[in-house]
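Since the structure comes first, as structure tokens, the remarks are kept for the end.
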Amino acid sequence: MTDFSAPPSHASSRRTHRVPIRRRMRRRYFKFYRRVARWTFLQNVSVSPASWRAEHWLVGGVVAILCVFATIVAPALANATRNDPVALTTLALDLPQLPADAAIGAWAGDGEPDWRIVTVKPGQSLSDIFREQGFAPADLQRALDSQGDATALRRIRPGQEFGFLSDAIGALAALRFERSDATRVVLRFAPGGVTEQAEDRAVERRTHVAHGVVTRSLFYAGEQAGLSDAMVLKLADAFGYDIDFAQDLREGDSFSVVYDDLYREGERLRDGDIIAATFINDGKRYTAIRYTNAKGETTFYSEDGRPLRKSFLRTPVEFTRISSVFSTGRMHPILGKMRAHKGVDYAAPTGTPIRAAGDGKIVFRGWKSGYGNFVMIQHNKHITTAYGHMSRFANAKLGQHVSQGQVIGYVGMTGLATGPHLHYEFRVDGGHRNPLTVTLPPPEPLPAGELAQFKLAAAPKLAQLKIIDGIRLAHNGH
């Protein structure tokens, strides 16, 4: 007899517990099960074998990617990791020799030597620079002795550059400087002596044109025209024999100028020169053309070949203002009484260079009552010029011959003076003449044979000036 009341086995008990758990999971993830339950790779294949469902496309895409990887990418990666033997060729190259002076350690390495560049300041000498750089006077003397012509080292100018190179112990190994615009020199110092290496540098002149109209001042007009102050001074010097820029300049005066500047190895070096210019002063037209004559003298000429350089400068100082004119009776600002003023006073800052009005010989240089520091120049047996109130004298000595334009002193206020200025006198046979109105004979023109050559050289320069004037007139017409 069978007993139906016996307890269930363990297997049936586990199944009984799993059923409710499975039902709860199906209820919770009902949407997922419903979507996945439709996936089958056999459903309807026999009926519609060409109809693919989403699961077909998914698996097919994965299979296609694996095939592409196996056929293309895998062989490429295998080739990239191969280590094929490379054939190497050895060439023997000649290396450039190092400089013979082994003391210049910087030249033994790679690249350019480490030059220490020093720019000359106003009032500085090369001796000052050597001392500041820690080099002995004997080093400078060795440099000077190595030069047949040491002008480039003795006459240095502000803005000029010197390069210094030291060895491992700080001694001077090399000095670099510009002998001229187109020549750079390197001096190498060794116990056995000083050797020199000169290097040519490419220099070119670039031509420019400008036009200006005077409103406030000549400097302002030059600035508006694109000229530097130095070029404005050169323009004034070109016409300085005919125009007194301290007294004759008028508002509305105008100028046209052809000039150049210097470039070295593609970089602007400095101002060049005035090539040709015209200046209209108070309605009168003046022309200046730069020309080198048969004697090798370079100066300015008028269109008819007559030198603009006169026997005497109209103004012995770079143009400024006249503070007192020539007069037979003037109230003296210090003495307080009427007294003749037998010259012209040019007010200028202390230290402004004073130039010799003409070629001549210094016959007085020293202190003179009322005049302070005073210089007198004898130009010929009839004419002398005098310069008073100087702050100091230049290098020209008593009895020395000076040329026109040479600096003989500097503006000051020594003697009876209320401010810095130059007192300038012009004397003929001992009698005082007004320097602003005295009549002097015109210079002789070029000889007939050279005049034809001058006109041939001047023609393109005059053509450039006419082009500038044409553009100016067209502009004014609009």
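Let's see how each residue does on (1) within 29 Å of THR299 (Cβ to Cβ); (2) at pLDDT below 90; (3) in a strand (DSSP E or B); (4) among the charged types (D, E, K, R):
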site: ILE362; (1), (2), (3), (4): yes, no, yes, no
site: ARG365; (1), (2), (3), (4): yes, no, yes, yes
site: HIS389; (1), (2), (3), (4): no, no, yes, no
site: ALA396; (1), (2), (3), (4): yes, no, no, no
site: LEU422; (1), (2), (3), (4): yes, no, yes, no
site: THR437; (1), (2), (3), (4): yes, yes, no, no
site: PRO443; (1), (2), (3), (4): yes, yes, no, no
site: GLN453; (1), (2), (3), (4): yes, no, no, no
site: ALA457; (1), (2), (3), (4): yes, no, no, no
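The conditions are (1) in a helix (DSSP H, G or I); (2) of a type in the set (Gly, Ala, Ser); (3) within 20 Å of PHE300 (Cβ to Cβ), and GLY405 fails exactly one of them. Which is it?
The failed condition is (1).
Which residues, taken from the stretch 372-414, are of a type in the set (S, T, N, Q), farther than 19 Å from PRO435 by Cβ and buried (at least 20 other Cβ atoms within 10 Å of the Cβ)?
ASN373
Could you list, ordered by first residue, the pairs with Cβ atoms under 7 Å in which the first is in the stretch 141-162 and touching a residue at least 12 places away in the same chain (Cβ under 8 Å) and exposed (fewer than 15 other Cβ atoms within 10 Å of the Cβ) and the second is not β-branched (Val, Ile, Thr) and not in a strand (DSSP E or B), at least 6 apart or interchain?
PRO158/LYS121; PRO158/PRO122
Within the stretch 290-321, restricting attention to residues that are assigned to a strand (DSSP E or B) and without any contact (Cβ under 8 Å) to a residue 12 or more places away in the chain, which residue is surrounded by the most Cβ atoms within 10 Å (Cβ to Cβ)?
Just the residues of the stretch 290-321 that are assigned to a strand (DSSP E or B), to begin with: 290-292, 298-301, 307, 321.
Going one step further and asking which of them are without any contact (Cβ under 8 Å) to a residue 12 or more places away in the chain, we end up with 292, 298-299.
Details: THR292: 11, THR298: 10, THR299: 14.
Filtering first and then ranking leaves THR299.
So which residues in the stretch 342-356 are surrounded by fewer than 23 Cβ atoms within 10 Å (Cβ to Cβ) and assigned to a loop (DSSP other than H, G, I, E, B)?
LYS342, PRO349, THR350, GLY351, THR352
Could you pull out every one of the strands (runs of 3 or more DSSP E) wholly within the stretch 179-242 that has 3 or more residues that are surrounded by fewer than 17 Cβ atoms within 10 Å (Cβ to Cβ) and among the acidic types (Asp, Glu)? Give the derivation first.
Working: elements: 183-190, 193-200, 203-213.
In the stretch 179-242, the matching strands (runs of 3 or more DSSP E) lie at 193-200.
Evaluate the following for ARG330: is it under 29 Å from ARG216 (Cβ atoms), modelled with pLDDT under 85 and not polar (S, T, N, Q)? Quick ask: steps written out before the conclusion?
Numbers: under 29 Å from ARG216 (Cβ atoms): no; modelled with pLDDT under 85: yes; not polar (S, T, N, Q): yes.
Judged against the criteria, ARG330 is not a match.
If the Cβ limit is 6 Å and pairs must be 6+ apart or interchain, which residue in the stretch 266-289 that is closer than 17 Å to ALA210 by Cβ pairs with which residue that is in a strand (DSSP E or B) and of a type in the set (Asp, Glu)?
These pairs meet every condition: ASP271/ASP261; GLY272/ASP260; GLY272/ASP261.
The values are calculated or read from the model by the stated rules, or taken from the named source; none is laboratory data. Since the structure is predicted, the reported quantities are computational estimates derived from the model, not experimental observations. For neighbour counting, all protein chains shown are included, and Cβ atoms are generated from backbone atoms with ideal geometry for every residue, glycine included.
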